[in-house]
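All remarks here apply to the structure that follows.
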Amino acid sequence: MTKDVPEQRAMLSEIILSTWPACTAPDPEDPLKRGFRADAIISNPPVYGHVHCAEALNVPLHIMFPQPWSPTKAFPHPLSGLPYHGHWCKENYYSYLVVDKFLWLGIQDIVNELRVARLGLPPLRLGEHGGDLLNRYR
């Protein structure tokens, strides 16, 4: 399992750092290579760079996903590995907080590279709710 961590981090880094060009780069199919700037961002939650690009561009962010991605007592976090019990419970709710915190610990440096080097935003530090921004901005 631990041997997979570097591969997963590399994949997440590629996804996160590609978010800014997806919001600002010219269409590769456009022969005139006209400039582009997103007026809004529609994203999948595991992209992780979306909220930071929306902040930098000052545009609305719409998160779409077929499973709950915000804390709820009805279902556990999709990445938690917890079974669905068919009833509301606090463990489901807390699973979101735990997964978000652990994911943030694993990608904080990548997200801050995006924020500082590419977006010109200040870094997010531990304790500044980096893994919980989507829920805080709701």
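Below are the figures for this structure:
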{"read-out": "Exposed chymotrypsin sites (Phe, Trp or Tyr not before Pro) absent - longest run of the chain, DSSP non-H/G/I/E/B, at most 16 other C-beta within 10 Å", "value": "89-138"}
{"read-out": "GluC sites (Glu not before Pro) lying in DSSP loop within the stretch 1-96, provided at most 14 other Cβ fall within 10 Å", "value": "GLU29"}
{"read-out": "Descending semi-axes in whole angstrom, ellipsoid equivalent of the chain, from the Cα gyration tensor", "value": "29, 17, 15"}
{"read-out": "Low-density loop positions, trypsin sites (Lys or Arg not before Pro), the stretch 21-103 - DSSP coil, at most 16 other Cβ in 10 Å", "value": "LYS33, ARG34, ARG37, LYS73"}
{"read-out": "Reachable aspartates and glutamates from LYS73, criterion Cα separation under 15 angstrom, eight or more residues apart if same chain", "value": "GLU91"}
{"read-out": "Aspartates and glutamates with Cα under 17 Å of LYS90, excluding same-chain neighbours fewer than 8 positions away", "value": "ASP100"}
{"read-out": "CYS89, CYS23 arranged by Cβ crowding within 10 Å, fewest neighbours leading", "value": "CYS89, CYS23"}
{"read-out": "Relative contact order for the chain, counting Cα pairs under 8 Å that sit 6 or more residues apart, in percent", "value": "20"}
{"read-out": "The chain, helix-only ellipticity at 222 nm - DSSP H runs n ≥ 4, -39,500 (n - 2.57), divided by all residues, nearest 500", "value": "-13500 deg cm²/dmol"}
{"read-out": "Extension gain (nm, one decimal) between SER70 and GLN8, 0.36 nm per residue minus Cα-Cα", "value": "20.1 nm"}
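Since every read-out is calculated from the coordinates, none of them should be taken as a lab result. Everything numeric in this text was worked out from a predicted model, so none of it was measured. All Cβ positions, glycine included, derive from the backbone under ideal geometry; neighbour counts span all protein chains shown.
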